[in-house]
Each structure stands twice: as C-alpha cells, then as structure tokens.
1. Just how many % of Cα pairs in the stretch 152-225 lie over 20 Å apart, if you round to the nearest whole percent?
2. What number do you get for the stretch 8-60 when its Cα radius of gyration is normalised by 2.2 N^0.38 Å, N = residues?
3. Taking only the alpha-carbon atoms of the stretch 94-143, what semi-axes of the equivalent ellipsoid follow from 5 times the gyration tensor eigenvalues under a square root, in whole Å, largest first?
4. Just to check, using Stokes-Einstein with a Kirkwood Rh over alpha carbon pairs, what's the diffusion coefficient of the stretch 1-103 at 25 °C and 0.890 mPa s in µm²/s?
5. Report the charge-dipole magnitude of the stretch 1-141 in Debye, nearest 20, computed about the Cα centre from +1 at each Lys and Arg Cβ and -1 at each Asp and Glu Cβ.
6. How much length is gained if the chain between VAL168 and TYR25 is pulled fully straight, taking 0.36 nm per residue apart and subtracting their Cα-Cα distance, in nm to one decimal?
7. Mind checking the angle between helix 88-108 and the chain's longest principal axis? C-alpha axes, 0 to 90 degrees, to the nearest 10.
8. Compute the long axis of helix 48-60 from its Cα atoms, compare it with the longest principal axis of the Cα atoms of the chain, and write down the angle in degrees, 0 to 90, nearest 10.
Amino acid sequence: MDFVDQPLGQIARRIAGATRVFDAYRLDFCCGGNRTLGAAAAAAEVDVAPIVEELHVLQARAAEPGERSWDEADAGTLIDHILQRYHAVHREQLPELIRLARKVEQVHGDKADCPLGLADLLTDIAQEMESHMSKEEGILFPMIRAGRGALAGGPIHVMRLEHDEHGVALRRLSELTNDITPPRAACTTWRALYAGLRTFRQDLMEHIHLENNILFERLAPLAQH
C-alpha cells in the first residue's frame with residue numbers, strides 16, 4: 001500500500017497538509033519522523049487505511065495553489081519563517097497558557113479532572129524552549145546563514161536531543177489533560193486553555209518538523225564531510 005513503508009518525516013516534507021493528518025491520528029511526525037507510517041500507525045493502534053486515503057487526497061491537490069512547500073525554500077527563507085511563525089508565536093502563547101492554567105487550578109483544584117501540575121509543566125516548557133530558541137537564534141541559525149552548515153553537526157545534534165525532550169513534555173501535557181479534552185462541565189476559562197493548548201501542540205510539532213525533517217536533514221550531508 002502506498003505510503004505505508006515511507007518515513008513520516010519524508011511524507012510530511014513532500015505533501016502539504018500531511019502534518020495535520022498525522023496530528024489528528026496522534027502520529028509523531030516531528031521527533032519520530034524516521035518511523036514509517038505503517039510502524040507508527042501500528043504503535044498508535046490506529047487503522048492505516050484511512051490515513052493513506054487522506055494522504056492520497058492531499059497529494060492530488062498538490063498542483064493546486066495552497067500551502068507553501070518549505071522543502072523547496074532556501075535555508076535563509078526557512079529560518080525567517082521559523083523565527084516569525086514559531087519562535088515569536090511560542091513566546092506569546094506560553095505566558096497566556098500558564099496564566100490560564102494557574103487560574104483553572106486555583107478555581108477547580110478540588111475537582112478530580114482538574115489538570116493539577118499543568119501550570120508548572122507549562123512553566124518548565126517555556127523555560128526550556130526559551131533556552132532552546134535562544135541557542136538557535138544566537139548560534140545555530142547564524143552559522144547556517146553564514147554558509148557554515150558543514151560545521152553545524154554538533155549544535156544540530158544538541159537541538160535534536162532537545163526536540164526529543166519537547167516531545168516528552170508534550171506527552172506529559174497530554175496525560176495531564178486527557179489528551180487536551182475538557183470535561184463536559186468545564187468553564188469558559190478551562191475551554192479557552194485547552195483550545196490554546198491544542199494550537200500550541202500543533203504549532204510546536206510543525207516547528208520541530210520543519211527543523212528536524214527539512215532544515216537539519218538538508219545540512220546533514222554537509223556535516224558528514
């Protein structure tokens with residue numbers, strides 16, 4: 001069957017919109033981009049057939065105007081996009097998510113389904129991500145812009161490891177929030193918090209995908225010489 005034996009990261013690079021399909025089925029295309037679609041679907045215990053069908057639909061639309069294929073962008077343009085679309089956005093998202101999480105915990109902490117510990121987890125995520133993004137902005141990205149990608153093997157390795165840590169944090173976030181599903185009686189603040197968490201998770205996974213599976217993969221052959 002088409003796509004089943006192809007790595008998630010490769011599919012995500014080639015087919016615009018594939019990342020949204022993978023996210024809907026909870027397939028890790030960012031940190032787990034080297035795993036094949038078939039293996040990822042089996043691990044997630046989901047039927048691979050509808051996923052393949054959706055990918056075929058997206059592939060058929062590839063010739064139509066729509067999402068840009070960042071696989072074709074030069075490194076400088078891709079870095080600019082990452083900085084504007086993800087680094088800047090994460091710095092806006094996380095403080096508000098932390099505020100909402102603390103409010104929900106303070107007001108609803110006595111409820112069994114309250115995500116106790118979420119605010120602290122988000123605070124840790126914000127601190128780790130700020131450190132991570134600062135290293136990219138101050139060290140790795142300037143190296144790439146200066147044409148020194150062949151010397152970036154060490155920093156890229158560190159960034160990949162930290163991306164894996166972000167993935168672990170997202171799994172913990174999912175555990176605390178019943179896969180970011182608010183209870184029926186959730187108040188407006190609680191629902192707003194979870195809506196923001198869903199957006200943040202999708203943004204972070206897209207962000208890691210662009211770096212791991214496109215930018216870093218492009219530089220890997222250079223770093224080997």
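Values quoted throughout were computed directly from the atomic coordinates according to the rules given, and no laboratory measurement underlies them. Since the model is a prediction, treat every value here as computed from it, not as a measurement. Positions of Cβ are backbone-derived with ideal geometry, glycine not excepted, and every protein chain shown enters the neighbour counts.
1. 45
2. Ratio of Cα Rg to 2.2 N^0.38 Å: 0.98.
3. So the equivalent ellipsoid measures 32, 8, 5 Å along its semi-axes.
4. After rounding, the answer is 160 µm²/s.
5. 180
6. Answer, rounded to one decimal: 49.7 nm.
7. The two axes meet at around 20 degrees.
8. The answer is roughly 60 degrees.
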